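Notes to accompany the following structure.
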Amino acid sequence: MLLKVENLQAQIDEKQILKGLNIEVKPGEVHAIMGPNGSGKSTFANVLAGRDDYEVTEGNVEFDGEDLLEMDPEERARKGVFLAFQYPVEIPGVSNKLFMQTAVNAVREEKGLPALDMFDFDEYAQAKIDLLGMSADLLERSVNVGFSGGEKKRNDIFQMALLEPKLCILDETDSGLDIDALRVVANGVNALRSEARSFIVVTHYQRLLDYIKPDHVHVLFNGKIVKSGGFELVHELEENGYDNIIQQYLGE
Amino acid sequence: MSEVQNNAELTQYQEINDLLSKNKHYKEGFVTTANVETFEKGLNETVVRAISAKKNEPQWMLDFRLKAFEHWKSLEEPHWAKAVYEPLDYQDYSYYSAPECSACGDACGTEAQQEGIDPEVAKAFAALGVPIEDENSNVAVDAIFDSISVSTTKREELAKLGIIFCSFSEAVQDYPELVQKYLGTVVPYHDNYFAALNSAVASDGTFVYIPEGVRSPIDLSTYFRINEAKTGQFERTILIADKGSYVSYLEGCSAPVRDTYQLHAAVVEVIVHEDAEVKYSTVQNWYPGDEDCEGGILNFVTKRGICEGKNSKLSWTQAETGSAITWKYPSCVLKGDNSIGEFYSVALTNRRQQADTGTKMIHIGKNTRSTIISKGLSAGKSDNTYRGMVKITPTAEGARNFTQCDSMLIGDQCGAHTFPYIEVENSTAQIEHEATTSRIGEDQLFYCQQRGISEQDAISMIVNGFCKEVFSELPLEFAQEAEELLAISLEGSVG
Amino acid sequence: MTTLSSSTWGNKPLAKKFAPVVKAAMEHYAQLTDDLNKITENPGLASLRETAKQQFLLQGFPTRRDEDWGYTKLTDFIQKPFRLEAGIHVTHNDIEAYLPDYPAVRIVMVDGWFSESLSDDLSGLPKGVTIESVCDVLETPELTDRVTHQEKQIEDEPFGVLNTMLLNDGYYLQVSRNVSMEMPIFVLHVQAQDHQVSNVRNRVLLEENAELTLVESFVSLNASESEFSGFTNVVTEIEVGQAARCKQVVLQALAPRSYYFNNQFIEQAENSVLNTLYAGIGGQTSRHQNHLKMNGKNIESSQNSACYAEDSQIMDSRTYTEHNEFNGVSRQLHKYVLSGQAVGVFDGMIKVAQAAQKTDGQMDNKNLLLSDSAQMDTKPKLEIYADDVKCSHGSATGQINRDQIFYLQARGIRKPQAIRMITEAFLLEPLETVSQPAIRDWLAGALSQKLNG
């Protein structure tokens, strides 16, 4: 088991958002978490990454056999948890290259690998750029500064490729993207899928999932998973919306 | 900087280590125990005459000093800067201090450099990483220790090109007509309180003359060091770039750890003729004082340049991290048509430091252009103020200015202030001023951490990113030094 | 030894020396105080004026050496001693043209005196809305405090001291808790007599959750007489209570030789909203100053100005904005169009106290110089003591964008008209924050007419 979440409860500003969430993710699996606005999807993604705005009040999260909740955000990143942000932040003056070289070397250090110097890193990054079919000037620009919404998301996918994480969490990565950008993100994810790498795709819409085809789909409502299923659940949701499932759940 | 620890067997460096352990923020904080001749504390006409006599000065220089001294007595110490301090007791400083050279056992003033340098002083500069005896270095250095210049390197090499690079005192002796022609033309003795004081008691400084059409092949630099306690350093630097010439000039400063304020009131005059270009870079790391900034350097400096000729260019770049109080506005008078003035500044304040710094861009010539990029970082309980003036006079047809002032606050006990003065008297001018205030965002930190970068590294990365536009203007070695200084000065300010 | 902790420097009393002409002007205004006090029956008021007079005699008029007066020279003003005499008869016909073309409660002040005969009948005001003449309030000794609240701050301003010295009339306006005054209150300030002081002291109080729209218009009746010169000196205190909403518009369209000084001291409480706009087109020397304290959480404020100056007019607009509490938002846009030898001055300060985290302050100043001899002096300042803030200011001065002119020309518009259109659009932008279309149109009309006249 790569990730095991048990009875996870979390709050922000004393408002309970997650109310006992359970999920298990095996290596190589792709899970989608769907749900209406305000159901707790982004909270879940951010709690896994260790954002301290959220307070975990109950529950356990085990990642690769270790207690994830005990770790600092950078420790989680170094161990292989990657969050693609809903709103990637701008960092003026810091080049993507310096930023990612520092990050890649932090992860390599964790793995006991030697640091990449500038030349090695260039080579390494170029390979990833080719893999994802991205433009090379991405590295020269300041982190997310002046990037369009689509470019920011692509940059996150690129970072994912560089850091080679074990668990990728995509937090509403599809919001606000046009269909071409969406395809770039989906292709990026598909290119990075492997036996050893798992994904949690958090989204409100099914359209990204049509490209990614998750193995498992969960519906999150009011801080809990209220229904789980296979890819067919995506189409059920597409046809009937969340209401049916929520009514069903509330009826029980 | 070289490793001072290597010399730990010497008692003098024992002292350094003690100081370093007490004051890890300031690694230049050691005291040199060379034999020195220091004047009694106090300031009066006799002292002014004595300084002049000590330096064997001609009558015109003495007259200049006396005139300035008379004027200074009629002035009041200015306190308009955003810094709080009690009026200084000018009688409590010594106005002349010089290491005696070991060769003649006497304080022989300017001759010190011909006769050889006191080994203790040489060690001090070596510890600071200033290459005063390194013939392979790619910079020429004028090293100034308290009131006098102790060494000027590479002068023969430069002399072949006609470049004069010597101490101010020597220039008074050897090039009196040049000094007389330019002294006080950009910063007159009556310009302001500290300029008047400097004109009266000017200690030493650097004199640079680049002849017509010569591009200086190496960077010229001056390293200032205040060593004696309760001493003022009043250097006077004059830099002249004749027609079509180019020079990059660097200056660095430090002082030992003392528990009383040391006063630094320098005047720098730069004259840039037609088609010439001067790049003037400063890394200022004067001792900022203890945790409460007691005993730090009071840095009251007047730096001004004039772009005298057509198409001339003067560029000031400064990284200010030291001093208890900084009062400094390197300025450009853009007189020649199409001349260009630039000011790039990073000022970092921590603890209780107070910095009030900025620039003045006075546009007189047609199509003159100026750019101001100022980055202020405040941490601890410090106050950091940008104060700048852009003045477009009626003759400055087609003048343009762009100003960007960004402040970053690190912690909630500090202050960041922006006080621009913009005066436009020509309708064809185009003036733009922007200022922002920000802090290191939680979301920026989290983003970096999520990518595996530690908080401390993230902060230093974000801060250097913030200052990048300015650091890219510094010569490479200086830029590195500035980045390191920033990291040291910021240590412990976050978290 | 020097220490950094002490802040005692500079407190030594300065024995100021004044030039004979300044001294004469000071004595003239001191005499006016004495004259007023002779006929005053309220001892509290007399002593208030007398204290201010003593302070004024010590500090005198500011000179260009004073940091805040370097760009606003007063030499002409000081040479003209203005009188304080009983009002002349002004009729409805005289002021008709200056009254608004939209429904409003109309108050008229003539040379600084509240005119009951020219103002609307105030007995019909909605419940919870009070308007009184300050002169009436001051008849009752114990009510002096109602008229002045921030007296210390007022007397920090040279023209504030002068205003207290000559305190005689103004309006007192109160809107009670939960009352929304829907119809605008329109105050017409008239300069009627030549060489006369119009000394106005107002107090505006919005209680919790109250709402008010206040329009003030400053005019000279004899503006066509080229030498007519009046001196209007206003101090207005505005208190915006919790969750109250105050909208204010000030139009200054005095005669070209007149003087105008207006100091507004505004205090805002939690969750309140302030929206104030100054439009300046008249006066020889004019200076409009807001001193705004945002004293509670979640406050919003907007302060704009639109100024057009020509000939040798000096037009000065200033804001001082204090963010003192959490989560305040302040917005400012100040625009100047200058022609002839006019001088425009903008001075703005945003000060953010340590407690004012999450402050969002923005101040913009944009200026258009239409002639070679016009001059613009700008000081947009920030003083920040809290780290989690978003503050910025911008300032730009220049000519009309040639590309814009060309674009309009390319669409068939003649150059002079293109310039007019662009200039007008530039000047009117700050009016976008005025939410009532009738008031916005009225203001825009006044500005356009001046610009194109």
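Here are the numbers:
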{"read-out": "Tally, over the stretch A:230-252, of residues that are surrounded by 14 or more Cβ atoms within 10 Å (Cβ to Cβ) and either of a type in the set (Val, Ile, Thr) or under 28 Å from residue A:58 (Cα atoms) (or both)", "value": "5"}
{"read-out": "Unique match (being at pLDDT below 90 and either open to solvent by 10 Å² or more (accessible area, probe 1.4 Å) or in contact with a helix residue (DSSP H, G or I) (Cβ under 8 Å, 6 or more places away or on another chain) (or both)) among B:275, B:259, B:242", "value": "B:259"}
{"read-out": "Selection within the stretch C:110-135 - surrounded by 14 or more Cβ atoms within 10 Å (Cβ to Cβ) and assigned to a helix (DSSP H, G or I)", "value": "C:122, C:134, C:135"}
{"read-out": "Every residue from the stretch B:58-98 that is surrounded by fewer than 20 Cβ atoms within 10 Å (Cβ to Cβ), outside any helix (DSSP H, G or I) and more than 14 Å from chain C (Cβ to nearest Cβ)", "value": "B:58, B:74, B:75, B:94"}
{"read-out": "Where residue C:372 falls short, out of the listed (1) of a type in the set (D, E, K, R); (2) closer than 19 Å to residue C:311 by Cα; (3) modelled with pLDDT of 95 or more", "value": "(3)"}
{"read-out": "Residue C:377 vs. criteria charged (D, E, K, R), within 14 Å of chain B (Cβ to nearest Cβ) and in contact (Cβ under 8 Å) with a residue 60 or more places away in the chain", "value": "yes"}
{"read-out": "Filter result (aliphatic (A, V, I, L, M) and either assigned to a helix (DSSP H, G or I) or open to solvent by 10 Å² or more (accessible area, probe 1.4 Å) (or both)) within the stretch B:160-198", "value": "B:161, B:164, B:171, B:172, B:178, B:179, B:183, B:186, B:195, B:196, B:197"}
{"read-out": "Some residue of the stretch A:70-78 being within 14 Å of chain B (Cβ to nearest Cβ), open to solvent by 40 Å² or more (accessible area, probe 1.4 Å) and more than 18 Å from the chain's Cα centre (by Cα)", "value": "no"}
{"read-out": "Single condition residue C:393 does not satisfy, out of (1) open to solvent by 70 Å² or more (accessible area, probe 1.4 Å); (2) touching a strand residue (DSSP E or B) at 6+ places or on another chain (Cβ under 6 Å); (3) not β-branched (Val, Ile, Thr)", "value": "(1)"}
{"read-out": "Residue list for the stretch C:283-306, restricted to those being assigned to a strand (DSSP E or B) and open to solvent by 20 Å² or more (accessible area, probe 1.4 Å)", "value": "C:291, C:293, C:300"}
{"read-out": "Residue C:408 vs. criteria more than 10 Å from chain B (Cβ to nearest Cβ), crowded, with 16+ Cβ neighbours inside 10 Å and over 21 Å from the mean Cα position of the chain (by Cα)", "value": "yes"}
{"read-out": "Hey, residue A:106 buried (at least 17 other Cβ atoms within 10 Å of the Cβ), facing chain B (nearest Cβ under 8 Å) and either aliphatic (A, V, I, L, M) or under 22 Å from the mean Cα position of the chain (by Cα) (or both) or not", "value": "yes"}
{"read-out": "Strands (runs of 3 or more DSSP E) wholly inside the stretch C:309-377 that include at least 2 residues being open to solvent by 40 Å² or more (accessible area, probe 1.4 Å)", "value": "C:329-338, C:360-369"}
{"read-out": "Positions within the stretch C:269-282 being more than 23 Å from residue C:159 (Cα to Cα) and buried (at least 24 other Cβ atoms within 10 Å of the Cβ), in sequence order", "value": "C:272, C:274"}
{"read-out": "Evaluation of residue C:73 against (1) at pLDDT 90 or above; (2) out of contact with any Phe, Trp or Tyr (no Cβ under 6 Å at 6 or more places or on another chain) (one fails), failing number", "value": "(1)"}
{"read-out": "Some residue of the stretch A:116-124 being crowded, with 22+ Cβ neighbours inside 10 Å and not in a strand (DSSP E or B)", "value": "no"}
{"read-out": "Criterion: farther than 22 Å from residue C:331 by Cα and not aliphatic (A, V, I, L, M) - qualifying residue of C:278, C:259", "value": "C:259"}
{"read-out": "Residue match in the stretch A:4-15 (condition: touching a Leu at 6+ places or on another chain (Cβ under 9 Å), part of a strand (DSSP E or B), open to solvent by 60 Å² or more (accessible area, probe 1.4 Å) and acidic (Asp, Glu))", "value": "yes"}
{"read-out": "Qualifying positions in the stretch A:84-112 - touching a Phe, Trp or Tyr at 6+ places or on another chain (Cβ under 9 Å) and either under 20 Å from residue A:42 (Cβ atoms) or touching a residue at least 60 places away in the same chain (Cβ under 8 Å) (or both)", "value": "A:85, A:88, A:89, A:90, A:100"}
{"read-out": "Residue C:40 being out of contact with any Phe, Trp or Tyr (no Cβ under 9 Å at 6 or more places or on another chain), more than 30 Å from residue C:343 (Cβ to Cβ) and at pLDDT below 90", "value": "yes"}
{"read-out": "Of residues in the stretch B:288-319 being more than 14 Å from every other protein chain (Cβ to nearest Cβ) and either farther than 26 Å from residue B:361 by Cβ or in contact with a helix residue (DSSP H, G or I) (Cβ under 6 Å, 6 or more places away or on another chain) (or both), the one surrounded by the fewest Cβ atoms within 10 Å (Cβ to Cβ)", "value": "B:302"}
{"read-out": "Residues being open to solvent by less than 10 Å² (accessible area, probe 1.4 Å) and more than 11 Å from the chain's Cα centre (by Cα) - total across the stretch B:324-342", "value": "8"}
{"read-out": "The lone exception for residue C:178 - which of (1) surrounded by fewer than 22 Cβ atoms within 10 Å (Cβ to Cβ); (2) not in a loop (DSSP other than H, G, I, E, B) it fails", "value": "(2)"}
{"read-out": "Within the stretch B:397-456, considering residues that are buried (at least 22 other Cβ atoms within 10 Å of the Cβ) and among the hydroxyl-bearing types (Ser, Thr, Tyr), the one farthest from the other protein chains (Cβ to nearest Cβ)", "value": "B:403"}
{"read-out": "Candidate set from the stretch A:84-103 (those that are in a helix (DSSP H, G or I) and at the interface with chain B (Cβ under 8 Å from one of its Cβ atoms)); member that is farthest from the chain's Cα centre (by Cα)", "value": "A:98"}
{"read-out": "Test: residue in the stretch A:47-61 that is among the hydroxyl-bearing types (Ser, Thr, Tyr), open to solvent by less than 50 Å² (accessible area, probe 1.4 Å) and more than 14 Å from chain B (Cβ to nearest Cβ)", "value": "no"}
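The values are calculated or read from the model by the stated rules, or taken from the named source; none is laboratory data. As the structure is a computational prediction, the values presented were derived from the model and not from experiment. With ideal geometry, Cβ positions are generated from the backbone for all residues, glycine too; neighbour counts draw on all protein chains shown. In case anyone asks, the SASA skips ligands and DNA or RNA and just uses the protein heavy atoms, side chains included. Shrake-Rupley method; radii C 1.70, N 1.55, O 1.52, S 1.80 Å.
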